[in-house]
């Protein structure tokens, strides 16, 4: 008897998982806690989805906790609108923070006390230099910085000045609190960084209670420590800030200091993710908001018709690494096609209609044909589709003078109407300009269902919609908002190279009756035209508006 060989499946772990498993094995942490900490100064985009799903996924995998925290330490750019949109996006992606929704601003009192502690330890001082002078004193990558003339103020003087800063006795920009570290450090972030500044501004969460606000690099490690975050996972641009992160948690003597780990950002080719650029597109009316389907904000992807599962698959395929790289937008399209091909009902919609009259079909008669909702997924069942004497077909499915190898409808040629009958073109009607307005045909009653009893073959199959029951719809066809050939940004002035054809609105589409009932976010495959989604803002039952999510064809191949 042959000995059976058992193959073990080796699951490759990314470098963050390896760090977490080592920490758990060594007993550094009993339970892990991750977090997603966005600043509420704009809408989240596809890059943020990677961070959200990574942090949430790690917490799930290692039976830990996932916190949601708004890093709202900069009231100049933050809005409640952004807070609400971010919460909606994260919930939609499937990340559950349970009862752990936090705001950095809720910790302002503890951050103030932390700053006082640093002053008392001789590790922070109030500085009167201007922002420009601080930059000058900082030095360069090759030259050390100079110490501030205010660096050696006494602890008592610093405590008094910092108290006055808090009480609103100084103007914006007149004083800052700086950490006292090392002006000769090879890491510029360690050269006495600013940790508090004066800013007389109303905060969306704390109102006018505070007129001093902590800097991100000071606030973030404190927030992590207060919440019990074990692994503070962020993107590579914070790698040089890690020594400062570690300095803050060490000097403040937290019992269980969090560990910062950096990974590479997700860069998507030929898309606009910069908040400054998106804000300008919104303000200039080029797009109709932060959720315009041409953008890659999470809200825009949701409105266009992407599913949470497709984003999850995309992030999974991108992987986690330390090396920056770009991912082709075609991979995101591949993921939504793969997700929808078995889920979405396949319906008939005519985007550029021309009328067909079947002259030998009984006038005034209508029948209902049973049509499968998805040939590849019988579980989606079937529907009854009306068929009558007058139909609409796509204008491109008819040619009066056919080109070589054209297999659709033309004079004297027979084609199959999908799931219906064989029809043969017998003639056309035209308008004064010579455009075809009506195509006349005859049908073979014996070919019901799309098959002929005598076994004759037809090469072409076209889709159709019954004219008497058709619902008028609007379809929005999207291309990339930037000109892919020129690149995203203009090299001369940094402006966007916009694509003038990024949106095509087709108003007089004809769709089958079931599509007329579509509700917001309902997704369908329109035969031969792509995957479409009912627009969440403008679509109404009886007057549907559909966004094309993606076309059916793809050049992308998963290796």
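Looking at the range 379-390, which of its residues are in a strand (DSSP E or B) and surrounded by fewer than 16 Cβ atoms within 10 Å (Cβ to Cβ)? Walk me through how you get there before you give the answer.
Here is the first cut: in the range 379-390, the residues in a strand (DSSP E or B) are 382-388, 390.
Within the range 379-390, 382, 384, 390 meet the criteria.
Within the range 151-173, being under 21 Å from residue 216 (Cβ atoms) and surrounded by fewer than 16 Cβ atoms within 10 Å (Cβ to Cβ) holds for 172, 173. With respect to residue 172, is the statement that it is in a loop (DSSP other than H, G, I, E, B) and within 37 Å of the chain's Cα centre (by Cα) true? Answer is yes for this residue.
Each row is one residue, and each column tells you yes or no for (1) exposed (fewer than 11 other Cβ atoms within 10 Å of the Cβ); (2) not in a strand (DSSP E or B).
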{"residue": "433", "(1), (2)": "yes, yes"}
{"residue": "443", "(1), (2)": "no, no"}
{"residue": "449", "(1), (2)": "no, yes"}
{"residue": "453", "(1), (2)": "yes, yes"}
{"residue": "456", "(1), (2)": "no, yes"}
{"residue": "459", "(1), (2)": "no, yes"}
{"residue": "468", "(1), (2)": "no, yes"}
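Scoring residue 28 on the criteria (1) in a loop (DSSP other than H, G, I, E, B); (2) at pLDDT 90 or above; (3) closer than 28 Å to residue 302 by Cβ leaves a single failure, condition (3).
Do the conditions hold for residue 145, that is, is it in contact (Cβ under 8 Å) with a residue 40 or more places away in the chain and at positive phi?
Numbers: in contact (Cβ under 8 Å) with a residue 40 or more places away in the chain: yes; at positive phi: no.
No, not satisfied.
In this entry, residue 500 is excluded by the filter for residues that are closer than 25 Å to residue 299 by Cβ and in contact with a helix residue (DSSP H, G or I) (Cβ under 7 Å, 6 or more places away or on another chain). Quick one: would you say residue 381 is touching a strand residue (DSSP E or B) at 6+ places or on another chain (Cβ under 9 Å) and at positive phi? Yes: the conditions hold for residue 381.
For first residues located in the range 212-232 and at positive phi and modelled with pLDDT of 95 or more, partners that are surrounded by fewer than 22 Cβ atoms within 10 Å (Cβ to Cβ) and assigned to a loop (DSSP other than H, G, I, E, B) and lie 6+ apart or on another chain with Cβ distances below 8 Å form the pairs 228/256. The single condition from (1) under 26 Å from the mean Cα position of the chain (by Cα); (2) in a loop (DSSP other than H, G, I, E, B); (3) surrounded by fewer than 13 Cβ atoms within 10 Å (Cβ to Cβ) that residue 504 fails is (2).
Going through the range 72-95 one residue at a time, which ones are part of a loop (DSSP other than H, G, I, E, B) and at pLDDT below 95? So that I can check it myself, show each step before the final result.
Initial filter on the range 72-95 (part of a loop (DSSP other than H, G, I, E, B)): 72-79, 94-95.
Answer for the range 72-95, where residues must be part of a loop (DSSP other than H, G, I, E, B) and at pLDDT below 95: 72, 73, 74, 75, 76, 77, 78, 79.
Scanning the range 17-53 for residues that are farther than 30 Å from residue 271 by Cβ and touching a strand residue (DSSP E or B) at 6+ places or on another chain (Cβ under 9 Å) returns 19, 20, 23, 28, 29, 31, 32, 33.
Of the conditions (1) within 25 Å of residue 511 (Cβ to Cβ); (2) outside any loop (DSSP other than H, G, I, E, B), residue 342 clears all except one; give me its number. Of (1) within 25 Å of residue 511 (Cβ to Cβ); (2) outside any loop (DSSP other than H, G, I, E, B), only one is false for residue 342: (2). Among the candidates 333, 363, 396, 376, the residue that is exposed (fewer than 15 other Cβ atoms within 10 Å of the Cβ) and part of a helix (DSSP H, G or I) is uniquely 396. Across the range 110-150, the number of residues qualifying as surrounded by 14 or more Cβ atoms within 10 Å (Cβ to Cβ) and part of a loop (DSSP other than H, G, I, E, B) comes to 10. Of the residues making up the range 470-498, those that are more than 23 Å from residue 287 (Cα to Cα) and crowded, with 17+ Cβ neighbours inside 10 Å are 470, 471.
For the range 182-203, check the following and say yes or no: at least one residue is modelled with pLDDT under 95, part of a strand (DSSP E or B) and under 22 Å from residue 108 (Cα atoms). Scanning the range 182-203, I find at least one residue that is modelled with pLDDT under 95, part of a strand (DSSP E or B) and under 22 Å from residue 108 (Cα atoms), so the answer is yes.
Among 492, 484, which is within 26 Å of residue 273 (Cβ to Cβ), in contact (Cβ under 8 Å) with a residue 24 or more places away in the chain and out of contact with any strand residue (DSSP E or B) (no Cβ under 7 Å at 6 or more places or on another chain)? It would help to see each step written out before you state the result.
On the way: 492 fails: in contact (Cβ under 8 Å) with a residue 24 or more places away in the chain.
From the options 492, 484, the qualifying one is 484.
Restricting to helices (runs of 4 or more DSSP H) lying wholly in the range 250-322: which have 3 or more residues that are without any contact (Cβ under 8 Å) to a residue 12 or more places away in the chain? Walk me through how you get there before you give the answer.
Working: elements: 275-283, 298-304, 308-318.
Of the helices (runs of 4 or more DSSP H) lying wholly inside the range 250-322, those with at least 3 residues that are without any contact (Cβ under 8 Å) to a residue 12 or more places away in the chain span 275-283.
Out of the residues in the range 96-109 that are outside any loop (DSSP other than H, G, I, E, B) and in contact (Cβ under 8 Å) with a residue 60 or more places away in the chain, state the one that is surrounded by the most Cβ atoms within 10 Å (Cβ to Cβ). Outline the logic, then answer.
If we filter the range 96-109 for residues that are outside any loop (DSSP other than H, G, I, E, B), which is where we start, we get 101-109.
Those still in the list that are in contact (Cβ under 8 Å) with a residue 60 or more places away in the chain too: 102-108.
Numbers: 102: 18, 103: 20, 104: 24, 105: 22, 106: 15, 107: 21, 108: 21.
Across the range 96-109, the extreme among qualifying residues is 104.
Determine whether residue 553 is within 29 Å of the chain's Cα centre (by Cα), part of a loop (DSSP other than H, G, I, E, B) and within 20 Å of residue 351 (Cα to Cα).
So residue 553 fits the description; yes.
The values are calculated or read from the model by the stated rules, or taken from the named source; none is laboratory data. Please read all numbers here as calculations on a predicted model, not as lab measurements. Cβ: placed from backbone, ideal geometry, glycine included. Neighbour counts: every protein chain shown.
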